[in-house]
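One structure below.
Any read-out appearing in this document is the output of simple, stated calculations on the displayed coordinates, not a laboratory observation. These numbers were taken from a predicted model, which means no experiment stands behind them. So basically every Cβ, Gly included, is an ideal-geometry build from the backbone, and we count neighbours across all protein chains shown.
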Amino acid sequence: YRVAGKTGTAQIPVPGGYDKEGTIASFVGFGPVPNPQVIILVKLDRPKTSTWAADTAAPAFQRLAERLFVVLGIPPEDMAVAEVAR
């Protein structure tokens with residue numbers, strides 16, 4: 001499946017500044033492209049494995065989107081056709 005999206009990593013405000021360790025990681029994406037049928041926002045408060053959304057929220061989006069496309073009966077893209085179209 002082809003999807004599009006954007007990561008976000010934000011500091012958490014605390015009195016006097018920002019949390020030195022915790023972040024909020026997010027990924028918002030839609031798909032399948034070019035005819036999107038779903039939009040998904042993944043937001044993780046203080047992820048434990050990494051502070052970066054690319055390492056945490058984006059993979060969660062991928063797993064969720066792949067399962068959702070199957071449940072919705074959206075067929076996977078034929079990658080051979082996709083390569084020719086480029």
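Points to keep in mind about this one:
- A simple spin-label model places pseudo-atoms 7 Å from Cα toward Cβ; at Leu41 and Asp19 they are separated by 1.8 nm.
- Mean Cα-pair separation over length for the range 4-85, i.e. relative contact order, pairs under 8 Å, 6 or more apart, %: 24
- Helix axis angle, 57-71 relative to the chain longest principal axis, alpha carbon, degrees: 40
- HN-Hα J in Hz across the range 37-54 - Karplus 6.51, -1.76, 1.60, θ = phi - 60°, x for Gly and Pro: 10, 9, 10, 10, 10, 10, 10, 10, 8, 6, x, 8, 7, 6, 7, 9, 5, 4
- Backbone amide hydrogens, once placed in the peptide plane, bring Thr23 within less than 5 Å of Arg46, excluding anything fewer than 5 places away on its chain.
- Residue separation of Ile12 and Leu68 scaled by 0.36 nm, minus their Cα-Cα distance, works out to 17.1 nm of gained length.
- Label assignment, semi-axes √(5λ) of the Cα gyration tensor in Å derived from the structure, set (1) 35, 19, 12; (2) 21, 15, 12; (3) 32, 12, 10: (3)
- Within the listed set Val42, Val70, Val14, the Gaussian network model of the chain (springs between alpha-carbon atoms below 10 Å) gives the highest mean-square fluctuation for Val14.
- Compared with the direct C-alpha span, the chain from Glu77 to Trp52 gains 6.1 nm at full extension, assuming 0.36 nm per residue.
- Among Pro36, Pro15, Pro75: highest mean-square fluctuation, GNM of the chain, C-alpha pairs under 10 Å: Pro15
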